[in-house]
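Below you'll find the structure, written out as structure tokens, and then a few comments.
Each reported figure results from applying straightforward, stated rules to the coordinates on display, with no laboratory input. No experiment lies behind these values; they were computed from the predicted model shown. With ideal geometry, Cβ positions are generated from the backbone for all residues, glycine too; neighbour counts draw on all protein chains shown.
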């Protein structure tokens, strides 16, 4: 049963520290999405990639967030420096071009103190 | 993408059909209707999608009105495990990645 995996599942860090979240999309999927979920804002799209190229990152605070796909099996979301307002659950999802479904990972729960 | 309106919460008795409505009165001709759900502490899960015709899969049925301004997701025999937040989303496909904009959703509580 193919699944999207995310690491770490939980992260607690202090304000100002760098945070890196990783996602392994389902093998063969060529589209990757990063979402953030908070109680106040709900689920928001941060960025997405197709064939490893970033297509849209307009939902991402550019000054501190960066998203990359070093290879087809790994997507990363980095926050530097982190702030308490970044506390949220970050979801990665993958999909296959030409198909409608997106498959979500279990999320990384980030707490910045 | 068109905006959707869903009730904030609904209850359903276990074993009964759960009918979750969604209004999308400004939907465009090339926009699909998608349903996802999110069980507590998990990532969202795709359920079903449709354009004009009614659709059915192993999880649910999707009924879209003829004018496409509203739809209903039907879980034919709800179980306790169906308790979740259900999101109705309309989006163009493909739109350079099929970006999904999640609203507040409907919190469905299935009760014994």
Going 7 Å from the Cα of residue B:111 toward and past its Cβ, which residues in the stretch B:1-40 have a backbone nitrogen under 16 Å from where you end up? B:9-19
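Counting pairs of Cα atoms in the protein assembly as shown, how many percent are more than 27 Å apart? Write down the numbers at each step before the final one.
On the way: 8704 of 25200 pairs.
That tail contains 35 percent of the Cα-Cα pairs.
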Obtain the nm distance between the two label points defined at residue B:9 and residue B:72 by a simple spin-label model: each point lies 7 Å from its Cα along the Cα-to-C-beta direction. 2.3
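Can you check what the Kirkwood hydrodynamic radius comes to for the stretch A:58-98, Cα pairs only, in Å to one decimal?
On the way: mean 1/r = 0.0830 Å⁻¹.
Its Kirkwood hydrodynamic radius stands at 12.1 Å.
How do A:65, A:49, B:93 rank when sorted from fewest to most other Cβ atoms within 10 Å of their own Cβ? It would help to have the intermediate numbers written out before the result.
Values: A:65 20, A:49 23, B:93 15.
Neighbour counts put them in this order, fewest first: B:93, A:65, A:49.
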Along principal axes, largest first, the alpha-carbon spread of the stretch A:1-59 in whole Å comes out as 36, 27, 22
proj_area_mean for chain B (convex hull on C-alpha atoms), units nm², value 6.6
Residues of the stretch A:13-57 with backbone N under 15 Å of the label point set 7 Å from the Cα of residue A:87 along Cα→Cβ are A:13-17, A:37-41
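Any chance you could run the full-extension gain for residue B:39 through residue B:59? It's 0.36 nm times the residue separation minus the Cα-Cα distance, nm to one decimal. Display every interim value, and only then the final one.
Details: separation 20, 0.36 × 20 = 7.20 nm, distance 1.43 nm.
Roughly 5.8 nm would be gained on extension.
Could you check what % of the DSSP bridge pairs in the protein assembly as shown are antiparallel, to the nearest 5?
Here the antiparallel bridges make up roughly 90 percent for the protein assembly as shown.
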Taking only the alpha carbons of the stretch A:30-84, what extent do you get along each of the three principal axes, in Å, biggest first? 32, 23, 18
Based only on other Cβ atoms within 10 Å, what is the fewest-to-most ordering of A:64, B:68? A:64, B:68
In nm, spacing of pseudo-spin labels at residue A:41 and residue B:93 (7 Å Cα→C-beta vector): 2.7
Averaged over every viewing direction, what's the projected area of the C-alpha convex hull for chain A? Give it in nm², one decimal, please. 6.7
